[in-house]
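Below is one structure; the comments refer to it alone.
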Amino acid sequence: MTILLDTNVIIWAAMNPGRLSGRVQQVLSHPTEDRLLSPLSIYEVAQKTAVGKLDLPLPPAAFVVVSAERLGLRFLDVTAGHLREVDHLPWHSRDPFDRILALQALAEGIPLVSPDTIFDRYGVERIW
């Protein structure tokens, strides 16, 4: 199964795995899962760090890249195809990162690993 990780999942997996649900821990430890991360997570982590919401042991971009490598993640580039339905996406969330992750998951037809129930309102299959 292919899955897409929300930004907070990679942060918790790297720094505080106890915050992850048992199901997520199991999915992340399964070697046959194709685990994806949006490159926007690099930007989101940098933004959270810059405004003081997150303290990291490495610079933000390095933290995400190193964490992704350790977790066996690959980056799913954001494409025009992912954004094709942006005009029709309801405004359940004002967070642009959430909206793009929802669009990526929907366009790819893959579940999103996230504790955030806002994704349910978009019809995204969510694992938590």
Check your understanding: For T7, what charge total do you get from the other residues with a beta carbon under 11 Å from its beta carbon, if Lys and Arg give +1 and Asp and Glu give -1?
Key -> -4
Check your understanding: Given DSSP loops and a limit of at most 13 other Cβ atoms within 10 Å, what is the longest stretch of the chain that contains no such trypsin sites (Lys or Arg not before Pro)?
Key -> 1-52
Review point. How big is the charge dipole of the chain about its Cα centre, in debye rounded to the nearest 20, if each Lys and Arg gets +1 on its Cβ and each Asp and Glu gets -1 on its Cβ?
Key: 260
Revision key, fill the gap. Relative contact order in percent for the range 1-62 (Cα pairs under 8 Å, 6+ apart) equals 37
Check your understanding: Using Cα pairs under 8 angstrom and six or more residues apart, how large is the relative contact order of the range 85-128, in percent?
Key -> 36
Practice item. Treat each spin label as a single point 7 Å out from the Cα along the C-beta direction, and report the W91 to E108 distance in nm. Key: 2.8
Exercise for review: Along Cα→Cβ, 7 Å out, is where each label goes; now give me the distance between the ones at A80 and T49 in nm to one decimal.
Suggested key: 3.2
Point to revise | Filtered chymotrypsin sites (Phe, Trp or Tyr not before Pro), the range 16-114: DSSP coil and at most 16 other beta carbons within 10 Å | key: W91
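Only the coordinates and a few stated rules stand behind these numbers; no lab work does. It should be emphasised that the depicted structure is a prediction, and the values quoted were computed from it without experimental measurement. Don't worry about glycine lacking a Cβ; one is built from the backbone with ideal geometry, like all the others, and counts go over all protein chains shown.
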